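First comes the structure, then the notes that go with it.
The values are calculated or read from the model by the stated rules, or taken from the named source; none is laboratory data. What you see is a predicted model; the values in this text were computed from it and never measured. Here Cβ is always computed from backbone atoms with ideal geometry, including for glycine, and neighbour counts include all displayed protein chains.
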Amino acid sequence: MMPVYVLCAILFLTGIYGVVAKKNLIKIIIGIFLMVQSVALLLLILGYAAGEVGGLFQTIGLITMIGGLAVMSLMIVTAVRLHEKYGTFDISEIRRLKG
Amino acid sequence: MNISPAAPIITLFVGALLTYLFGRTYPKPKFTGLFSLLFLVIALVELLNLYPGGGRVTYSLWGAQTFLEANGLAIFLGVVAVGLGILVLIYDVSHMKDSPGLGRYYALILLMIAGAIGIGFAGDLFNLFVFFEVMAIPSYALVAFRKEKWEPVEAAVKYTIMSISGSLLALGGISIIFMYTGNLDLNTLAQSAANMDPGMAIAAAGLIIAGFGVKVAIVPLHMWLPDAYQAAPSGISALLSGITSGAGAIAMLKALAILLPTGTHPGVVLIIFGIISMFVGNFMALVQKDLKRMLAYSSIAHMGYVVMAIGLALNYLPIAGEYAFRGASFHILNHAVMKGGAFLCAGAILQSIGTSDLHEMRGIGRKNVLVGVAFAFFALALAGVPPLNGFISKFFICKGGVDAGGWGIVAMSLLILNSAISLGYYLPALNTILFSRDISERAEKARPVSAWICVPIVVMVILTVLLGVYPEFGLKIVNPAVQYLMGFAGGL
């Protein structure tokens, strides 16, 4: 079972890399989405390993995905507003988001 | 009357839905606000009915059992959140009257408050996380509510990115706990966590501190806070600093307390980060030129006091736990009152002169006497001047530090030092607003403040003084919370 957990961790770290290192807002959003999905995946796998069907793990996994979707739609809307304002998704050109 | 512990949360969920529909069908802003106020009042009555706690409700989601529990801590957090929410909604009737889409605004506020109450009521880590998200997601949208300006949208993007990453880290910590114990019920989790692998327990504690720490804004994770508080509507700044950071601290405390039997020492980390937060918050506040931004940095410092008190309590539980928990809970209550009030004053000034730049506020206190004098009360209370409420809770935290002895006394003296530093920016701000010799052009033309704004500010001034000179009034709801926490963290 261990390699699967490691894969989840790799997926999560890829997401963090996207959030920390990328300048494009859309890529940052994709990074966050990867983080959400990796945690949801981990929970679902844990549930499967525990041999439960429709138990607490899977419920949390499902709710994580729903929450992730809500946040995602919100972030895409704000990103579109920023694009209307600045004509770019590059956060280094958007004033406040530096640092 | 016998009511279910889930009642206040359900009331607010239903209220959010109905408020949204009401705002769509009857677009008269004042009535939308008053309509949503109704649900908060009902929730407050239900919470007071549940006082002093007791009762547990189990519900099942796709076959999984989860719990909501009405204990002292839950009632405490609920009363703080709903009380501040009522005052802010009265304030917003006038403050937000020109904004479009108020149905959405009030519905999101109700959801946020429901989430904060739920954090207190959560009987297991699953509910804790779900309600944390229920609180967090509306707050992202509320920060960006004035979407036609660029500051709120940018601040919201920054806030969302940091906060959602934090939530996921906390969820990672919770899933590690669940992986090793197969149990999430807070009442029995400590026994099952006792024989957890120590390395994994440390990893889980670290993830939980980092995750919930983003909402509390302990220092390396505070970057979003000044932007968000400055850009959000003032009522939302008051709610964010008064409710969400306090609820975040309580969520962190609940999740960390069950890891104590594993031999980890999360308290030490919290004390260190609390002290760093105090210093960074206070020193950054010293150099701010904008009133709302200054108050935002001072929120970081105040949450540093709370986090330090929680750390002291968790680390020196049997000897210092009682006063440190009392200090932390009482400070969450007082911070909601005084910082909420200060943000409402800042919003009232912002509305009457059109800017929150401190230099432009010269002499505004002599034009709007009520707001100026009220701000003086809040600023002095925040700095911890004796007869007011900020002093009492800082005193309890210091008593906790003295009880702990050793490093506790060092931490306590740093808290006192920080209170002195904080006078260094409250007094100049007060001087500019109330005692400045010249009156700025904008202040000269200041518009009068509506009664809807004055009423909540006056109520908060009364509370600030009352909780200071007669703390037993506040201790009535704080003490059951302390009792619960002592039993919860100590009895394990």
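What to note about this one:
- Flag if B:LEU18 is over 22 Å from B:ARG146 (Cβ atoms), assigned to a helix (DSSP H, G or I) and not small (Gly, Ala, Ser): yes
- Number of positions in segment A:52-66 that are free of Cβ contacts under 8 Å to residues at least 12 places away in the same chain and either facing chain B (nearest Cβ under 7 Å) or crowded, with 18+ Cβ neighbours inside 10 Å (or both): 5
- Any hit, segment B:129-138, residues being of a type in the set (A, V, I, L, M), under 15 Å from B:LYS254 (Cα atoms) and touching a helix residue (DSSP H, G or I) at 6+ places or on another chain (Cβ under 9 Å): yes
- Residue within segment B:141-149 that is within 26 Å of B:ASN334 (Cβ to Cβ) and either in contact with a Pro (Cβ under 6 Å, 6 or more places away or on another chain) or within 12 Å of chain A (Cβ to nearest Cβ) (or both) present: yes
- Failed criterion for B:TYR180 (all others in (1) at the interface with chain A (Cβ under 9 Å from one of its Cβ atoms); (2) part of a helix (DSSP H, G or I) hold): (1)
- If you go through segment A:67-88 and keep only what is among the β-branched types (Val, Ile, Thr) and more than 7 Å from every other protein chain (Cβ to nearest Cβ), you end up with A:ILE76, A:VAL77, A:VAL80, A:THR88.
- Among the residues of segment A:3-21, the one identified as within 12 Å of another protein chain (Cβ to nearest Cβ) and over 14 Å from the mean Cα position of the chain (by Cα) is A:TYR5.
- Scanning segment B:55-71 for residues that are more than 17 Å from B:ALA7 (Cβ to Cβ) and either in contact with a Leu (Cβ under 7 Å, 6 or more places away or on another chain) or of a type outside the set (Ser, Thr, Tyr) (or both), we see that the one that is modelled with the lowest pLDDT is B:GLY63.
- Segment B:246-261, residues that are surrounded by 24 or more Cβ atoms within 10 Å (Cβ to Cβ) and of a type outside the set (A, V, I, L, M): B:GLY246, B:GLY248
- Segment B:396-492 holds helices (runs of 4 or more DSSP H) entirely within its bounds, and those carrying 1 or more residues that are farther than 30 Å from B:LEU259 by Cβ and among the aliphatic types (A, V, I, L, M) map to B:407-430, B:441-444, B:451-469.
- Pairs meeting the criteria (first residue in segment A:39-51 and in contact (Cβ under 8 Å) with a residue 24 or more places away in the chain, second residue among the aliphatic types (A, V, I, L, M) and assigned to a loop (DSSP other than H, G, I, E, B), beta carbons under 6 Å, at least 6 apart or on different chains) are A:ALA49/A:MET1.
- When B:GLY281, B:GLY304, B:GLY327 are checked against the criterion of being part of a helix (DSSP H, G or I), farther than 17 Å from B:ILE421 by Cα and of a type in the set (Gly, Ala, Ser), a single residue qualifies: B:GLY327.
- Residue selected from segment B:221-265 under the condition in a loop (DSSP other than H, G, I, E, B), farther than 25 Å from B:VAL157 by Cα and of a type outside the set (S, T, N, Q), by the criterion nearest to the other protein chains (Cβ to nearest Cβ): B:ILE258
- Residues satisfying the stated conditions in segment A:33-51, i.e. of a type in the set (A, V, I, L, M, F, W, C), under 16 Å from B:GLU133 (Cβ atoms) and surrounded by fewer than 22 Cβ atoms within 10 Å (Cβ to Cβ): A:PHE33
- Scanning segment B:39-89 for residues that are touching a residue at least 24 places away in the same chain (Cβ under 8 Å), outside any helix (DSSP H, G or I) and hydrophobic (A, V, I, L, M, F, W, C) gives B:VAL57, B:ALA64, B:PHE67, B:LEU68, B:ALA70.
- Within segment A:36-51, the set of residues being closer than 14 Å to B:SER167 by Cα and more than 8 Å from chain B (Cβ to nearest Cβ) comprises A:GLN37, A:SER38, A:ALA40.
- Some residue of segment B:368-385 being in a loop (DSSP other than H, G, I, E, B), touching a Gly at 6+ places or on another chain (Cβ under 8 Å) and not polar (S, T, N, Q): yes
- Selection status of B:LEU314, surrounded by 21 or more Cβ atoms within 10 Å (Cβ to Cβ), at pLDDT 85 or above and farther than 22 Å from B:SER241 by Cβ: yes
- Identity of the residue in segment A:1-26, touching a residue at least 40 places away in the same chain (Cβ under 8 Å) and closer than 22 Å to B:SER163 by Cβ, that ends up surrounded by the most Cβ atoms within 10 Å (Cβ to Cβ): A:LEU25
Each row is one residue, and each column tells you yes or no for (1) touching a residue at least 40 places away in the same chain (Cβ under 8 Å); (2) crowded, with 24+ Cβ neighbours inside 10 Å; (3) polar (S, T, N, Q).
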| residue | (1), (2), (3) |
| --- | --- |
| B:VAL385 | no, no, no |
| B:PHE391 | yes, no, no |
| B:GLY401 | yes, yes, no |
| B:TRP407 | yes, no, no |
| B:ILE416 | no, no, no |
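- In segment B:42-62, the residues that are within 14 Å of another protein chain (Cβ to nearest Cβ) and surrounded by fewer than 15 Cβ atoms within 10 Å (Cβ to Cβ): B:THR58, B:TYR59, B:SER60, B:TRP62
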